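> Okay, handing you the structure first.
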Amino acid sequence: MDKRRTAAAFFLLAAALLILLALNLNLGSIRLSPGEVWRVLTGQSTDLSAAGIVRTIRLPRLIAAAVLGGALAVSGFLLQTFFGNPIAGPFVLGISSGAKLTVALSMILSLSGGFLLSSAGMILSAFLGAMASMGLILLISGRAKSMAVLVICGIMIGYICSAVTDFAVTFADDSNIVNLHNWSRGSFSGMSWESVRVLAPVTAVCLILTFLLSKPMGAYQLGEVYARNMGVDLRRFRVELILLSSLLSACVTAFAGPISFVGVAVPHLMRRLFRSRQPLKMIPACFLGGAVFCLLCDLLARTVFAPSELSISTVTAVFGAPVVIWVMLSRRKERA
């Protein structure tokens, strides 16, 4: 029964992913028929405009949305495992905002100096910001008596980082720097094949390394004493967990800006869907769930008020925030 439920859940996610991939290729400010999209993908179309829309704009964007959405959900799952709480996530704890701050400052400095920051430089800058925020969270966690205090402190760190970022972007003189405002609100627009060629391998390596941690992660979920008795080096395990979570979150922020609630909502939804906390199931489930969640939100962001486009965080907040409220209320009932 458990294997059937798992297979059915994965089939449901895969089907939703395929449907959303097709819809993201067809729909937008300019609608294309499924037949036209197929002809473009197979090289049979003579419409240069449709070919440009599909191959240059929509295809790299949907790949980036799927990969980065999955990365963000896995990052949230790692943080929730580390802190032992389902409302921990890169955005809630201020990690995404810290990455956003360092990327924005690095881009402003590079553009002021007359050169563009490379994709690798953006990821490195975001990673340093994420690690700095994580360091503050870890310091606070040593003194905080409850997870609620830690979450509130994380939210405050996020607000501070966002305020400094907005201040820097608002008073920038260069027109290219001013365009960072859209990125700072979260968006998959402007994704190119160059971006995909960088973010996809980084995410793939992180996912492989995360999957290799499945066994010690499962032991850690049963308690530190149990994990230690099973031979898990807790200090090394925690460092690896923090590094992988920060790198996944940094990759997302570097290319798409801060995206809210995905890292919190998706892992919890996947736990309810699969009725399991096992990392061997949850890691691929979170990746697929994050991809589906972000593809759906990006589709709505592009089409609801087309040709105007909403920021991706606006849409993810609409769907993700109620999940967080539901999690908090359900945990309160369980404790009562």
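Read the figures in this text as sums done on the coordinates, not as results from a lab. As the structure is a computational prediction, the values presented were derived from the model and not from experiment. Cβ atoms come from the backbone with ideal geometry, glycine included; neighbour counts cover every protein chain shown.
> Note down the relative contact order for the stretch 2-335 as a percent, whole number, built from C-alpha pairs under 8 angstrom at least six residues apart.
Dividing the mean separation by the residue count of the stretch 2-335 yields 31 percent.
> Further question on the same structure: Given +1 on the Cβ of Lys and Arg, -1 on the Cβ of Asp and Glu, and no further charges, what dipole in debye does the stretch 2-335 carry about its Cα centre, rounded to the nearest 20?
Computed charge dipole of the stretch 2-335: roughly 1420 debye.
> Also, I was wondering about something else. Please sort by residue number the trypsin sites (Lys or Arg not before Pro) in the stretch 226-330 whose DSSP state is loop and whose Cβ has at most 15 other Cβ atoms within 10 Å.
Here the trypsin sites (Lys or Arg not before Pro) that fit, given the DSSP loop and packing criteria, are 275.
> Only helices at least 24 Å long along their own axis, judged from Cα atoms, and with Kyte-Doolittle mean hydropathy of -0.5 or greater: name those in the chain from DSSP H.
2-26, 59-83, 95-112, 119-143, 147-170, 193-212, 234-256, 279-303, 312-335
> Which of 75, 96, 214 ends up with the largest GNM mean-square fluctuation for the chain, with Cα atoms connected below 10 Å?
214
> OK, next. When the chain is fully extended, how far beyond the present Cα-Cα distance does residue 314 get from residue 155, taking 0.36 nm per residue of separation?
This chain segment gains 55.5 nm when fully extended.
> Same structure again: Report the equivalent ellipsoid semi-axes for the stretch 2-335 in whole Å, largest first, defined as the square roots of five times the eigenvalues of the gyration tensor built from alpha carbon atoms.
Those come to 32, 26, 18 Å.
> Same structure again: Would you order 127, 10 from fewest to most other beta-carbon atoms within 10 Å of each residue's own beta-carbon?
Lowest count first: 10, 127.
> Taking the Cα centre of the chain as the origin and placing charges on Cβ (Lys, Arg +1; Asp, Glu -1), which of 287, 167, 54 is farthest toward the positive end of the dipole?
Farthest towards the positive end: 287.
> If each of residue 225 and residue 143 carries a label point 7 Å out from its Cα toward its Cβ, how far apart are those two points in nm?
3.0 nm
> Can I ask one more? Take the alpha carbon gyration tensor of the stretch 40-82, find the square roots of its eigenvalues, order them as a ≥ b ≥ c, and report rounded if a/c is under 1.5; if not, report prolate when a/b exceeds b/c, else oblate.
Judged from the Cα gyration tensor, the stretch 40-82 comes out prolate (a/c at least 1.5, a/b above b/c).
> Would you calculate the separation in nanometres between label points at residue 44 and residue 189, each defined as 7 Å from the Cα along the Cα-to-beta-carbon direction?
It is 3.4 nm.
> Can you tally the net charge around residue 45? Count Lys and Arg as +1, Asp and Glu as -1, for every other residue whose Cβ sits under 9 Å from the Cβ of residue 45.
After counting each charged neighbour, the total is -1.
> Could I ask something else about it? Using Cβ counts within 10 Å as a stand-in for footprinting exposure, how do 262, 151, 225 rank, fewest first?
Ranked by crowding around the Cβ, least crowded first: 225, 151, 262.
> Another question about this same structure. Distances longer than 18 Å among the Cα atoms of the stretch 205-336: what percent of all pairs is that?
63 percent
> Would you be so kind as to identify which of 121, 232, 318 lies farthest towards the positive end of the dipole of the stretch 2-335, taking Lys and Arg as +1 and Asp and Glu as -1 on Cβ and the Cα centre as origin?
Of 121, 232, 318, it is 232.
> A follow-up question, please. Mind checking the stretch 48-122 for chymotrypsin sites (Phe, Trp or Tyr not before Pro) that DSSP puts in a loop (not H, G, I, E or B) and that have at most 15 other Cβ atoms within 10 Å?
115
> Which of the three applies to the stretch 207-278, rounded, prolate or oblate, going by the alpha-carbon gyration tensor with a ≥ b ≥ c and a/c under 1.5 meaning rounded?
oblate
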